[in-house]
Every structure is written in structure tokens, then in C-alpha cells.
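*Asks:* I have a structure I would like to understand better, so I am pasting it below and will then ask my questions one at a time.
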Amino acid sequence: MISKILIANRGEIAVRIIRAAKEMGIKTAVVYSKADKESLAVKLADQAICIGPAPSAESYLFYQNILSAALSSKADAIHPGYGFLAENSHFSDACRAMKIIFIGPKSNAIRRMGDKAMAKELMRNSGVPVIPGSDGIVDSFNSACETVEKTGFPIIIKASAGGGGKGMRIVDEKKELERAFNYAATEAQQAFGDSRVYIEKYIGSPKHIEVQILGDKHGNVVHLFERDCSIQRRHQKLIEEAPSPSIDKDTRKKLGEIAVKAAQSVEYDSAGTVEFLYNVDTNEFFFMEMNTRIQVEHPVSEMITGIDLIKYQIRIANGEELDIKQKHIEQRGHALECRINAENPEKDFHPNPGKITQLRVPGGPGIRIDSGVYSGYTIPPYYDSMVAKLIAWGTNRKEAIDRMKRGLDEFHIEGIKTTIPFHKEVMKHKEFLSGQYTTDFISKYMS
């Protein structure tokens with residue numbers, strides 16, 4: 001049994017993992033950069049180890065120091081959280097080479113799903129519906145032209161190693177193609193050290209639907225239904241809900257089955273997410289990518305199923321067989337998550353790090369807060385701007401929205417600008433209330 005976990009991350013996800021581990025009777029150590037010396041995770045963990053200066057490349061991404069921290073702390077497992085090294089197959093291999101349990105999927109699954117073009121080809125061969133586009137990497141402008149001859153415009157160019165909107169360009173006509181192709185490849189190289197791109201047919205106003213899955217090392221895979229992550233700004237999710245308000249029962253069943261099939265095709269053995277684009281006009285859905293890690297929005301899936309995903313990640317990494325079957329997983333009620341970021345919505349969501357001079361968090365029935373901050377804490381400018389995740393659960397969508405409105409009203413932060421005013425506006429917008437919103441919601445209604 002895992003006796004001590006080193007958490008190779010920061011912020012709210014580090015706190016989330018510490019809490020799950022403590023409830024399981026497992027000791028924790030957390031790494032931190034010099035900028036995070038006063039973080040809540042450092043205060044809550046059984047042990048804290050500084051791994052370098054503020055820049056991520058010299059701390060949270062410098063995995064030699066993290067492995068040294070694991071050895072010095074006598075941790076027998078590492079949880080990478082999300083971001084940073086969570087989907088780094090080299091880090092996963094390094095952990096296993098040092099006989100340290102990596103709390104995540106096997107490295108082969110990370111590699112195959114991390115290469116977006118390879119993942120798409122694998123899914124196509126496994127019978128999972130994929131968006132029409134290139135058969136793999138598009139390595140030249142001429143190849144891009146050949147692909148577009150088959151798909152037609154509009155198309156979207158995507159970084160094969162990408163995510164978060166980096167190395168991504170939408171092209172509406174041929175005269176824009178060469179410039180967009182070169183720009184996407186250059187940005188992909190700068191962001192991921194990999195300039196390879198591929199092309200897909202662009203679906204203009206889809207829903208972004210993802211299915212939470214759990215797989216163990218014994219071949220068992222289950223899903224925890226879907227999340228709707230369509231409220232986005234520049235491909236960055238801001239609000240998520242589960243289940244999707246526009247997916248019917250039959251489509252929900254089919255999506256879950258397809259997601260399980262996708263996970264089984266790579267012998268997936270951890271918590272993960274299979275993401276789809278859903279065309280609301282044609283009722284078609286297409287595989288987009290698989291995230292081989294826990295995700296920011298995992299709480300909404302936990303709230304509607306009662307399943308603790310972090311604890312299951314740990315049990316799976318420990319070699320335990322899933323003790324739940326698909327027929328045992330029930331969907332109960334509705335959940336929403338608002339990401340409260342240190343950003344100024346009135347200035348195009350410009351980051352607003354600084355000291356939190358006063359903090360009052362909401363509570364009461366159906367309210368959950370996942371956060372790594374406290375009153376007096378200074379949010380550093382070097383990392384993600386997230387302050388907290390506010391999650392609301394209700395017996396139905398209306399009750400969940402009403403509770404979220406109350407929670408946002410109760411949430412009081414001084415010293416920094418946050419996205420709370422933006423979330424309040426969304427919660428009363430008729431398009432959001434209808435449940436039929438798509439990924440262009442912000443550009444159409446909130447810009």
C-alpha cells in the first residue's frame with residue numbers, strides 16, 4: 001500500500017490531493033517554488049520541500065529536483081495533479097525507473113494520447129467517430145492544401161502536442177491558409193517544443209462535451225457521465241456543468257460507451273477524460289482528444305456521482321481493482337463549477353495577481369470550495385491565475401444555478417480583481433439558462 005505521496009504540483013489541486021490522502025491515512029509531502037513558500041499546500045502537507053526559484057522551468061517542470069525530493073522525503077508515490085508534468089511520459093518513465101509509483105496512467109497511454117494526431121488516428125481505427133481532416137501530421141503547406149481540398153473551408157489547424165488553444169488557428173479561406181499554417185507551427189514550437197500540426201474541419205458553434213472515465217490495471221473501465229465545458233474564452237474553460245443540459249438519454253448512453261471504448265483501446269489505467277465536439281444541429285459528436293490526467297473540472301462529476309476521483313486514482317495506482325461497476329454508478333442531481341480567477345473581466349480578463357487583503361467564502365447546502373488561498377495570501381504572477389473553484393450542486397439544474405448565484409453573492413474577495421462579476425452575469429443570461437449555449441457564447445453575448 002502507498003504510504004507517502006509526494007505532490008508535484010501547487011495551488012488548489014495540491015490541497016485537494018493532500019485532503020484525499022489524509023482521509024486515506026496516507027502521509028503527504030509537497031514540493032514548492034520560492035514563490036509558493038507561504039502557500040496553503042505547504043501549510044497543510046506533512047512535509048514541504050523547496051525545489052527551486054519561481055519560474056516553472058526551474059521548479060515545477062524541473063523533474064530531476066522533484067525526483068530528488070521524492071527520495072529525500074521517502075515518498076513511494078508521486079501525484080502530478082494537472083498541468084506541469086501530469087502528461088509527461090518521460091517523467092512517468094523516470095518515476096518507474098526509480099521504483100516510485102506514478103499516480104496516473106502508464107506512459108504508453110500518455111504518449112499515444114498526448115500526440116493529438118496519433119490519438120485521432122488510433123480512435124478512427126478503433127471505430128470512434130473523429131472530425132474529418134488530415135490523416136495525420138501535415139508537414140508542409142502543400143499537404144495542407146491537399147487536405148483542404150478534401151475537407152473544404154472552414155478548417156482549424158492544431159498543434160499535435162498542444163492544448164489550451166496554443167498552436168491553433170481557424171482558417172476561412174485559401175488566401176489565409178499559408179500564413180495560418182506557418183503561424184500555428186511556430187507557436188506550437190514555442191509552446192511545446194514540437195512544431196507538428198494537423199488539420200480538422202472546423203465546426204463553428206459546437207458544444208464541448210467531455211466524459212470522465214476511470215480504468216484500473218485489471219482491464220476494467222467505467223464512465224462517470226459527461227460534463228458540458230462550452231463556456232470558454234480563447235479555448236480556456238471558465239464554467240462547467242454536469243450533466244450537459246442539451247444531451248438526451250440515448251446520446252448520453254452512447255457517449256459513455258464510446259468513451260469507455262476509447263480508454264480500453266489504450267489499456268487506460270487511471271482517471272482520464274475523453275473530449276468530444278458535439279454538433280447541436282445534427283446531433284453528431286466527434287472525438288477531439290483524451291486528457292490523461294485529472295482535470296480542473298473533475299468536482300462536478302464527483303458531485304453528481306458521489307465518487308472521489310482522487311482517491312480512486314490512488315487506489316488504482318496501488319494496483320487495486322475497481323470496486324464499482326457501470327450499473328452501480330448513478331447520476332444524481334446537477335452540478336456547476338465556476339473558476340474564480342485573479343483576472344479583470346472589464347479589461348479582457350487581464351491577469352491581476354496580488355495580495356488578498358480580505359476573503360469570505362460561501363457555504364451552506366450544496367456549496368463546495370476548492371481553493372489554495374487564504375486572507376493575506378499573495379497570488380504570485382508566475383503561474384495560473386486561479387483563486388478558487390466554486391461548485392454548486394442541486395437536485396436539478398435550476399436549484400444548482402440558484403445555489404451558484406447565492407454562492408457568488410456570498411464570495412467576497414478584496415485586494416485583487418476577480419471573475420466573480422463575469423460569472424454573475426452568465427448565471428442570469430437567458431442563453432445560458434436555456435442550456436443551449438455553445439462554445440461561442442462569450443464572443444456572441446459577453447464581449
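The values are calculated or read from the model by the stated rules, or taken from the named source; none is laboratory data. This structure is a prediction, so every number in the text was calculated from the model and none was measured. Positions of Cβ are generated from backbone atoms using ideal geometry, with glycine treated the same way; all protein chains shown enter the neighbour counts.
*Asks:* Can you tell me which of E38, E87, E23 is of a type in the set (D, E), in contact (Cβ under 8 Å) with a residue 12 or more places away in the chain and in contact with a Gly (Cβ under 8 Å, 6 or more places away or on another chain)?
*Replies:* E87
*Asks:* Taking only pairs six or more apart or across chains, which ones have beta-carbon atoms under 7 Å, a first residue in the range 225-245 that is in the same structural domain as D440 (by TED's automatic domain parsing) and closer than 11 Å to R339 by Cβ, and a second residue that is among the acidic types (D, E) and assigned to a strand (DSSP E or B)?
*Replies:* C229/E210; C229/E240; I239/E337; E240/D228; E240/E337
*Asks:* Output yes when any residue across the range 178-194 is surrounded by 19 or more Cβ atoms within 10 Å (Cβ to Cβ), assigned to a strand (DSSP E or B) and in contact with a Phe, Trp or Tyr (Cβ under 9 Å, 6 or more places away or on another chain), and no when none is.
*Replies:* Within the range 178-194, none of the residues are surrounded by 19 or more Cβ atoms within 10 Å (Cβ to Cβ), assigned to a strand (DSSP E or B) and in contact with a Phe, Trp or Tyr (Cβ under 9 Å, 6 or more places away or on another chain).
*Asks:* Shifting gears a bit: Considering only residues that are outside any loop (DSSP other than H, G, I, E, B) and of a type in the set (D, E, K, R), look in the range 85-114 and name the one that is nearest to Q264 (Cα to Cα).
*Replies:* Once the filter is applied, the top-ranked residue is R112.
*Asks:* Could you tell me whether the range 154-162 includes any residue that is free of Cβ contacts under 8 Å to residues at least 40 places away in the same chain and either part of a helix (DSSP H, G or I) or in contact with a Ser or Thr (Cβ under 8 Å, 6 or more places away or on another chain) (or both)?
*Replies:* So far as the range 154-162 goes, no, none of its residues is free of Cβ contacts under 8 Å to residues at least 40 places away in the same chain and either part of a helix (DSSP H, G or I) or in contact with a Ser or Thr (Cβ under 8 Å, 6 or more places away or on another chain) (or both).
*Asks:* Regarding I213, is this residue surrounded by 21 or more Cβ atoms within 10 Å (Cβ to Cβ), touching a Cys at 6+ places or on another chain (Cβ under 9 Å), in the same structural domain as R315 (by TED's automatic domain parsing) and hydrophobic (A, V, I, L, M, F, W, C)?
*Replies:* Spelling it out, it is not the case that I213 is surrounded by 21 or more Cβ atoms within 10 Å (Cβ to Cβ), touching a Cys at 6+ places or on another chain (Cβ under 9 Å), in the same structural domain as R315 (by TED's automatic domain parsing) and hydrophobic (A, V, I, L, M, F, W, C).
*Asks:* Further, regarding this structure: Looking at the range 64-110, which of its residues are modelled with pLDDT of 95 or more, of a type in the set (G, A, S) and closer than 23 Å to T273 by Cα?
*Replies:* Passing the criteria: A77, G81, A86, S89, S92, G104, S107, A109.
*Asks:* Let me ask something else about it. Restricted to the range 85-99, and to residues that are crowded, with 18+ Cβ neighbours inside 10 Å and among the hydrophobic types (A, V, I, L, M, F, W, C), which residue is farthest from L67 (Cα to Cα)?
*Replies:* So, considering only residues that are crowded, with 18+ Cβ neighbours inside 10 Å and among the hydrophobic types (A, V, I, L, M, F, W, C), the one farthest from L67 (Cα to Cα) is A86.
*Asks:* Which of (1) surrounded by fewer than 21 Cβ atoms within 10 Å (Cβ to Cβ); (2) under 17 Å from the mean Cα position of the chain (by Cα); (3) assigned to a helix (DSSP H, G or I) does E257 not meet, given it meets every other one?
*Replies:* Among (1) surrounded by fewer than 21 Cβ atoms within 10 Å (Cβ to Cβ); (2) under 17 Å from the mean Cα position of the chain (by Cα); (3) assigned to a helix (DSSP H, G or I), the lone unmet condition for E257 is (2).
*Asks:* Which one is nearest to the chain's Cα centre (by Cα) among residues in the range 341-385 that are assigned to a loop (DSSP other than H, G, I, E, B) and over 17 Å from G11 (Cβ atoms)?
*Replies:* Once the filter is applied, the top-ranked residue is F349.
*Asks:* Scanning for something part of a strand (DSSP E or B) and in the same structural domain as E425 (by TED's automatic domain parsing), does the range 310-327 turn up at least one residue?
*Replies:* No, that holds for no residue.
*Asks:* Picking from K116, K150, K120, which residue would you name as being surrounded by fewer than 18 Cβ atoms within 10 Å (Cβ to Cβ) and either among the aliphatic types (A, V, I, L, M) or closer than 30 Å to V171 by Cα (or both)?
*Replies:* Just a single option satisfies the conditions, and that option is K150.
*Asks:* What single numbered condition from (1) modelled with pLDDT of 95 or more; (2) touching a strand residue (DSSP E or B) at 6+ places or on another chain (Cβ under 9 Å); (3) buried (at least 17 other Cβ atoms within 10 Å of the Cβ); (4) not β-branched (V, I, T) fails to hold for R315?
*Replies:* Only one criterion is unmet by R315, namely (2).
*Asks:* Next question, about the same structure. Just one of the numbered conditions (1) in contact with a Phe, Trp or Tyr (Cβ under 9 Å, 6 or more places away or on another chain); (2) surrounded by fewer than 16 Cβ atoms within 10 Å (Cβ to Cβ) is not true of G219; which one?
*Replies:* All conditions pass for G219, except number (1).
*Asks:* Here is a list of conditions, (1) crowded, with 20+ Cβ neighbours inside 10 Å; (2) in a helix (DSSP H, G or I), and E399 meets all of them except one; can you say which number that is?
*Replies:* Going through the list (1) crowded, with 20+ Cβ neighbours inside 10 Å; (2) in a helix (DSSP H, G or I), E399 breaks only (1).
*Asks:* Also: Among the residues of the range 25-42, which ones are surrounded by fewer than 24 Cβ atoms within 10 Å (Cβ to Cβ) and hydrophobic (A, V, I, L, M, F, W, C)?
*Replies:* I26, A29, A35, L40, V42
*Asks:* Say whether the condition of being part of a helix (DSSP H, G or I), over 23 Å from G104 (Cα atoms) and basic (K, R) is met by at least one residue in the range 7-25.
*Replies:* No, there is no match, as no residue in the range 7-25 is part of a helix (DSSP H, G or I), over 23 Å from G104 (Cα atoms) and basic (K, R).
*Asks:* Let me ask something else. Let me confirm something: among V296, V300, which residue is closer than 15 Å to H208 by Cβ, assigned by TED's automatic domain parsing to the domain that holds M386 and in contact with a helix residue (DSSP H, G or I) (Cβ under 8 Å, 6 or more places away or on another chain)?
*Replies:* Of the residues listed, the single one that is closer than 15 Å to H208 by Cβ, assigned by TED's automatic domain parsing to the domain that holds M386 and in contact with a helix residue (DSSP H, G or I) (Cβ under 8 Å, 6 or more places away or on another chain) is V296.
*Asks:* Restricting attention to the range 61-84, and to residues there that are in contact with a Phe, Trp or Tyr (Cβ under 8 Å, 6 or more places away or on another chain) and either in a loop (DSSP other than H, G, I, E, B) or hydroxyl-bearing (S, T, Y) (or both), which single residue is surrounded by the fewest Cβ atoms within 10 Å (Cβ to Cβ)?
*Replies:* Applying the filter and picking the extreme gives L61.
*Asks:* Here's something else I'd like to know. With respect to the numbered conditions (1) over 16 Å from R10 (Cβ atoms); (2) touching a Ser or Thr at 6+ places or on another chain (Cβ under 7 Å); (3) β-branched (V, I, T), which one is the sole condition not fulfilled by I100?
*Replies:* The one condition I100 does not meet is (2).
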